[in-house]
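One structure is given below, encoded as C-alpha cells.
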Amino acid sequence: MKDPFFLGSKALRNRVLYAPLAGCSDYPFRQMSSRYHPGIVYCEMVKIDALVRNDPHTFRLLDYHSSMHPIGAQLCGSKPKLAAQAARMIEDLGFDVLDFNCGCPVDKVTKDGSGSGMLKTPDLIGEMLSQMIAAVKIPVTVKIRAGWDEGSINGPLITQIAEKVGAKAITVHGRTRAQGYKGPANWDYITACKKAAKDILVIGNGDVFSQEAAQKMFQETGCDAVLVSRGTLGQPWIAEDIMRGLNGLEPIARGVSEIRDILLEHFDLIIRYQPERQAMLDFRRVGCWYLKRCVGVKDLRIAINRAASTREAMRFVEDFSWRDVSLSKELVFAETE
Ligand SMILES: Cc1cc2nc3c(=O)[nH]c(=O)nc-3n(C[C@H](O)[C@H](O)[C@H](O)COP(=O)(O)O)c2cc1C
C-alpha cells in the first residue's frame, strides 16, 4: 500500500480515511483522531441551504484547526442552483476535499430528495457534482449507499455518472437506504462499483471495526481506500492499527490504562472547546464509546452520567479502580445514523 494516497492532485497521508459522522465527528473528536494520522478526517455533514444562508451553527460544525489537515467537508442538499456557491464557500474556508452526501437515510433529510433521496435521481447527482466541480479547484467526491433498496441497486451507474462529471472518488457504503443498519454491510456492492469504475477511485465503507476487517475489505473488494465510520468511535487510533497491519508491522497492544489516558485526553479537549453544559452531554456520549470494550465499568458509566460537573466526571475517571477492569474482544456499537 503506497502512501500517500492522491485524490486528484491532493495528497492524503494514506488510504485509511475517517468518515463524516453527524453528532460525532466534532472538533474535539477530530483533534483526537488527527493524532493517529488517518488519510483525512471529515467534519460532520452540513446542509447546503444552511451554509449559503450563513447559519452560524453550520459554521461551527465546520470549525477546524490547522493540525487537522488534510480535512474534508461534506455537503448535503439537492438544489443545483446553490451547489456552486456552497462549494466555493467550503473551498474558501480552506478545506482540502469536498464530499457530496448521497447516503444519509434520515427522513427529514430525504424528504426533499437530499441524502440517500438522491439515489432515486442519479442524473441530479451528476448535476450537483458538475456544479461543484466547475466552481472549485479542490477535489470533489461523492458518498452513496448501494441503492435505495434491494430492488434498485444503482451504485455502479452512479459511479459512472460521477466519473463522467469529474468526481475524483466515490465512497460506497455497502448497505441500501431501506436496510438502515440492519444486517452486515454487503461488500459485493463495493466490488460492483469498483468494476464499473475506470478512473474514479472507489472507497469502501461499512463494518470496518478492526485492522483485520480493513485488510479484508481491501482484498475482497479491490477498493482504493477504506472509510472507517463507527469503528473510529472510542478507538481514534484505528488508522494507526490498520496502517501498521498493511505495512506488516505488529499491532500495538492497547491496554486498559492507555484507554483511560486517551479517554481523559479526549475529555480534556471537550472541556477546552465546549461550554460546560454541552461538555457534560458530550462526556456521556464519548465516555460510552471508550468504555464499550471495558468489562467492570458499570459504576463508572453511572458516575459519569450523574456527575454534577465536568470536573467531577474527570475525577471519577481518575479515581476509578481501573486495575479491576478487563477488556472484551467484542466492540458493540449501538450508534446509528
Ligand atoms: C452517528 C452517525 C452519524 C453519521 N453521519 C454521517 C454523515 O454526516 N455523513 C455521511 O456521509 N455519513 C454519515 N454516517 C454514515 C457513516 O459515515 C457510514 O457510512 C456508516 O456508518 C457505515 O459505516 P460503518 O459500518 O463503518 O459505521 C453516520 C453514521 C453514524 C452512525
Inter-part gap, Cα centre of the range 303-322 to Cα centre of the range 40-77, in whole angstrom, is 32
With a Förster distance of 25 angstrom and the Cβ-Cβ distance between D3 and Q219, calculated FRET efficiency to the nearest 0.05 equals 0.85
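Can you tell me the length gained on complete extension of the stretch D112 to R88, counting 0.36 nm per residue apart and subtracting the Cα distance?
Values: separation 24, 0.36 × 24 = 8.64 nm, distance 2.28 nm.
Answer, rounded to one decimal: 6.4 nm.
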To the nearest 20 debye, the range 153-274 has a Cα-centred charge dipole, built from +1 on Lys and Arg Cβ and -1 on Asp and Glu Cβ, of 580
Residue separation between K120 and E212 times 0.36 nm, minus their alpha-carbon distance, gives in nm 29.7 nm
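Which semi-axes, in whole Å and largest first, does the equivalent ellipsoid of the chain have when worked out from the alpha carbon gyration tensor as the square roots of 5 times its eigenvalues?
Each semi-axis is the square root of five times an eigenvalue, giving 33, 23, 18 Å.
Could you rank the peptides 247-255, 12-20 by their average count of other C-beta atoms within 10 Å per residue, with the highest value first? Mind dumping the intermediate values first?
Working: 247-255: 9.9, 12-20: 25.0.
Listed from highest to lowest mean packing, they are 12-20, 247-255.
Work out how much length Y181 to A11 would gain on full extension: take 0.36 nm times their residue separation and subtract the Cα-Cα distance, in nm to one decimal. Before the final figure, lay out each step's value.
Working: separation 170, 0.36 × 170 = 61.20 nm, distance 3.19 nm.
Gain on extension, Y181 to A11, equals 58.0 nm.
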Between the modelled labels at R277 and D199 (7 Å from Cα along Cα→Cβ) the distance in nm is 5.2
If one compares the long axis through the Cα atoms of helix 155-165 with the longest principal axis of the Cα atoms of the chain, the angle in degrees, nearest 10, works out at 70
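Cross-link list K111/K216; K120/K194; K195/K329; K81/K195: which exceed 28 angstrom alpha carbon to alpha carbon?
Numbers: K111/K216 36 Å; K120/K194 21 Å; K195/K329 34 Å; K81/K195 32 Å.
As for pairs spanning more than 28 Å Cα to Cα, those are K111/K216; K195/K329; K81/K195.
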Listed by chain and number, the aspartates and glutamates with an alpha carbon less than 16 angstrom from that of K298, same-chain partners under 8 positions apart left out, are E318, D319, D324
Lys and Arg at +1, Asp and Glu at -1: neighbours of G234 with Cβ under 9 Å from its Cβ sum to +2
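Helix-derived [θ] at 222 nm for the chain: sum -39500 (n - 2.57) over DSSP H runs of at least 4, divide by residue count, nearest 500? Don't skip to the end; give the middle numbers.
Values: 14 runs with 143 residues, N = 337.
After summing the helix terms and dividing by the residues of the chain, the value is -12500 deg cm²/dmol.
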Taking a crude spin-label model, label points 7 Å out from Cα along the C-beta direction, the K81 to D319 distance in nm is 6.1
Placing each pseudo-label 7 Å from Cα in the direction of the beta carbon, S66 and N54 end up separated by a distance in nanometres of 2.6
Farthest towards the positive end of the dipole of the range 5-246, among I133, H65, G94 and with Cβ unit charges of +1 on Lys and Arg and -1 on Asp and Glu, lies the Cα of I133
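To the nearest 0.05, what FRET efficiency results for K298 and D149 with a Förster distance of 41 Å applied to their C-beta separation?
Working: r = 40 Å, r/R0 = 0.96.
According to the calculation, E is roughly 0.55.
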Per-residue Cβ contact counts at 10 Å, fewest first, order F100, F95, F6 as F6, F95, F100
Among beta bridges assigned by DSSP with both residues in the range 123-215, the antiparallel ones amount in percent, to the nearest 5, to 10
Quick calc, the chain, dipole around Cα centre from Cβ unit charges on Lys, Arg (+) and Asp, Glu (-), nearest 20 debye, gives 300
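Readers should treat all values here as calculations from the given coordinates under stated rules, not as data from a laboratory. Source: prediction; values computed, not measured. Ideal geometry is used to build each Cβ from the backbone, glycine not excepted, and the neighbour counts take in all protein chains shown.
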